[in-house]
Amino acid sequence: MSQFWKPGTERPRLVDDEEGGVLLYTTSSSSSSGFGYGSLEKQRQRLPVYKYKTAILYSVETHATTIIVGETGSGKTTQIPQYLKEAGWAEGGRMIACTQPRRLAVQAVATRVTEEMDVKLGEEVGYTIRFEDITNEKLTRVKFLTDGVLLREMMDDPLLSKYSVIMVDEAHERSLSTDILLGLLKKIQRRRPELRIIISSATIEAKSMAAFFNTRRRREEEQGPTKEPAILSVEGRGFNVEIFYVDDPVSDYVRSAVSTVMSIHDQERMGDILVFLTGQDDIDTAIQLLTEEAQSSGKQGLVSVPLYSGLPRADQDLVFSPTPRGKRKVIFSTNIAETSLTLEGIVYVVDSGFSKQRFYNPISDIENLVVAPISKASARQRAGRAGRVRPGKCFRLYTEDYFSNEMSVVGIPEIQRSNLVSCVIQLKALGIDNILGFDWPASPSPESMIRALEVLYSLGVLDDDAKLTSPTGFQVAEIPLDPLISKMILASCELGCSEEIITIAAVLSIQSIWIPVRGVQKQLDEAKLRFAAAEGDHVTFLNVYKGFMQSNKSSKWCHKNFINYHAMRKVIEVREQLKRITQRLGIGLKSCEGDIQAVKKAITAGFFANAARLEPFSHNGMYKTLRTSQEVYIHPSSVLFRVNPKFIVYHSLVSTDRQYMRNVITIDPSWLTEAAPHFYQKQLHSSIPQ
DNA sequence: GATTCAGAC
């Protein structure tokens, strides 16, 4: 698909864009290979953060916590770890850590810093992300890592004692793992007064971060660093972006976005356009509309490109290919372009004012994906995307009055919108007993916490005192997956089908192994039938995995069978990791040699709470969950769709117009009481006929 | 016969 590349020319490079996003250069002129040490050093000194070097180092020396407010392009991410290193914070066997929310950013920043320091990656400077540890225990002094990896490291070293300074980058994004990490770092600080924390954040969040880390008590005699956090601001290097609003609210933001693109193309000078929409549906509709309108009005020179994370890699690459001469590229994107990817050459931004967000309802225990208004912070971030190469313009498809008076200042932190089962078990594993009293940067609702505790208790992971059980609780915590999946893996060891179950676990932990196609639905269904198992989707995954391995992991084979090759590579990676972990836990892998009943019993051992029963006289395939008698249906993508077996266990619910069960297997209801007698005791004689 | 924003161990 990358037809814009000439063979033999350089492919795009990943380069840190100073804010955790990744900028993809396509021109060889920005390659650093042409620069010697001297000019790299000059480049470093030209970054805005350079002027603040002394102030930053002084503040870190004298304050337990320093908050750096750094705008786009300030250079904070690449420079501050180097300043700390130069100032001696990595001496005496200590290390400097810098966390990022995203893997790609970790790799890009680490690579950039090794170039600037003229060292080899994995020696003095290294990085760790899942599946990839490019560090050397003896040599590495500056380490970049995802915040999720740092959380995992705490399981072995709860006080993170090998680090002298921990810099948490992009804290304003308030991702789940960043918030957990911040809460834990505050606790560690009390035990390790010598530890320094640097939090880099956007303006809007700085004050609340400072309040959170302010542990100074009145009249307290202070020793060591000041407890009250310091706040330092570093200006960015973005260009000015002029903001335009609509006069009246728009009723259809997709249509409105398309007509805005048309008028930009008509009236504004050259430069690419980035349009923020909510999902694949919006994006496909918008591209179709734009094509039609351009055709009917005879306008030429527009090249529209979709961008969302589920897009196959080859199609994603189109976004980074240089815009052909005399053409204007229009990128229709989800939120992926707001923080995760930085696009070069964008001069105009069209902001719909919406994004899809996950919300969790602890009462019904259902996670929903809904189109919701974005925050002011997001709107500013989106607008900023227009000012990276020259002054730009941002067209907001909402009124100025709405922006000023109705938009919330910041979004709801992820921790308040999520199922907390994984989070709670992680805290428990770190010895935090009083989960409900944990000091968070933003507290999740008590209902969510209690629901998580209930689920973990029902899995046998927590005991009556809400302490981790031994060995089950500790083992489940050790496995980096949803605790329900981890429990399934542990059960499979006893049932002698762990070889099969870790394959299923790996498939369930990635989005989808099928190619997301529209229009060729029929072929996809036929391909699926080749692997379909009467027992259900999980067993079907085993058939797919077997076929993939027999094809010698062939991408051609995947293509032929409508299977996502990259997803299968990931399945293999996760599976390898699970293999290592089970070995470490001392539970060997065993195959059940085709005894599918054992496999289904293991699945039931983890997912017994997700059991449903077909309504006796249902003509439309209506099921009711055994636990809450909720109305649910088998998802049309399941191999058991329209088969409608009497009793099933599902992996997850997706709710649209109905509640659909995704990934289901048939079960014998007696396995439920076998797997979780405590859970199904009451229902034993009422809802489960024996 | 209907779809899943983004991210991570």
Compute log10 of I(q)/I(0) for region A:388-517 with the Debye formula, placing one identical point scatterer on every Cα and leaving out solvent, at q = 0.12 Å⁻¹, to two decimals. -0.65
Where does each of A:ASP365, A:ASP266 land when they are ranked from fewest to most other beta-carbon atoms within 10 angstrom? A:ASP266, A:ASP365
Which order, highest average first, do A:643-649, A:581-587, A:337-343 follow once you tally other Cβ atoms within 10 Å for each residue and take the mean per peptide? A:337-343, A:643-649, A:581-587
Mean projection of the alpha-carbon convex hull of region A:421-588 over all orientations, in nm²? 12.2
Antiparallel DSSP beta bridges within chain A, percent to nearest 5: 35
Just going by the charge dipole of region A:241-414, with Lys and Arg at +1 and Asp and Glu at -1 on Cβ, which of A:ALA372, A:PHE403, A:SER251 is farthest out on the positive end? A:PHE403
Only counting other Cβ atoms within 10 Å, I'd like A:MET209, A:MET488, A:MET262, A:MET167 sorted with the fewest neighbours first. A:MET262, A:MET209, A:MET167, A:MET488
Lysines whose Cα lies under 24 Å from that of A:LYS327, excluding same-chain neighbours fewer than 8 positions away: A:LYS6, A:LYS299, A:LYS393
Please state the relative contact order of chain A as a whole percent: Cα pairs under 8 Å, 6+ residues apart? 10
Within straight-line cross-link reach of A:LYS553, lysines at Cα separation under 28 Å, skipping those fewer than 8 residues along the same chain: A:LYS522, A:LYS528, A:LYS570, A:LYS579, A:LYS590, A:LYS600
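Looking at this model, which pairs from A:LYS356/A:LYS428; A:LYS207/A:LYS467; A:LYS428/A:LYS487; A:LYS207/A:LYS376; A:LYS120/A:LYS428; A:LYS76/A:LYS329 are more than 28 angstrom apart at the alpha-carbon?
From A:LYS356/A:LYS428; A:LYS207/A:LYS467; A:LYS428/A:LYS487; A:LYS207/A:LYS376; A:LYS120/A:LYS428; A:LYS76/A:LYS329, over 28 Å: A:LYS356/A:LYS428; A:LYS207/A:LYS467; A:LYS120/A:LYS428; A:LYS76/A:LYS329.
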Cross-link partners among aspartates and glutamates for A:LYS51, C-alpha distance below 15 Å, same-chain residues fewer than 8 apart left out? A:GLU41, A:GLU71, A:GLU235
Put in order of increasing Cβ neighbours within 10 Å, starting from the fewest, A:ILE502, A:ILE366 give A:ILE366, A:ILE502
Inter-site label distance for A:TYR50 and A:GLN630 at 7 Å from Cα along Cβ, in nm: 5.7
Note down the net charge around A:VAL410, summing +1 for each Lys or Arg and -1 for each Asp or Glu among other residues with Cβ under 10 Å from its Cβ. +1
How many percent of DSSP beta bridges within region A:599-684 run antiparallel, rounded to 5? 90
Dividing the helical contributions, -39500 (n - 2.57) per DSSP H run of n ≥ 4, by the residues of chain A yields a 222 nm value, nearest 500 deg cm²/dmol, of -11500 deg cm²/dmol
If every Lys and Arg gets +1 and every Asp and Glu gets -1 at its Cβ, then about the Cα centre region A:599-684 yields a dipole, in debye to the nearest 20, of 60
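Return the FRET efficiency for the residue pair A:HIS559, A:SER443: r is the Cβ-Cβ distance, R0 is 51 Å, and the value is rounded to the nearest 0.05.
0.60
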Proximal charge balance of A:GLU132 [Cβ under 11 Å; K/R count +1, D/E count -1]: 0
Whether chain A is rounded, prolate or oblate, judged on the alpha carbon gyration tensor where a/c under 1.5 counts as rounded: oblate
Among all cysteines in chain A, which have no other cysteine Cβ under 4.7 Å from their own Cβ? A:CYS98, A:CYS394, A:CYS423, A:CYS493, A:CYS558
Going toward the positive end of the dipole of region A:13-234, with +1 on Lys and Arg Cβ and -1 on Asp and Glu Cβ, which of A:ILE68, A:PHE144, A:GLY122 do you reach last? A:ILE68
antiparallel share of DSSP beta bridges within region A:126-259, to nearest 5, in %, is 30
Over what distance in Å are the Cα centres of region A:538-582 and region A:66-123 separated? 36
Per 0.36 nm of contour for each residue apart, how much would the distance between A:LYS327 and A:GLU293 grow if the chain were fully extended, relative to their Cα-Cα spacing? 10.6 nm
Got the relative contact order for region A:421-588 handy, in percent, Cα pairs under 8 Å and 6 or more residues apart? 19
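Where a number appears in this text, it was derived from the coordinates with a stated rule and is not lab data. Everything quoted here is computed from the prediction, not taken from an experiment. A quick note on method: Cβ atoms are made from the backbone with ideal geometry, for glycine too, and the neighbour counts reach across all protein chains shown.
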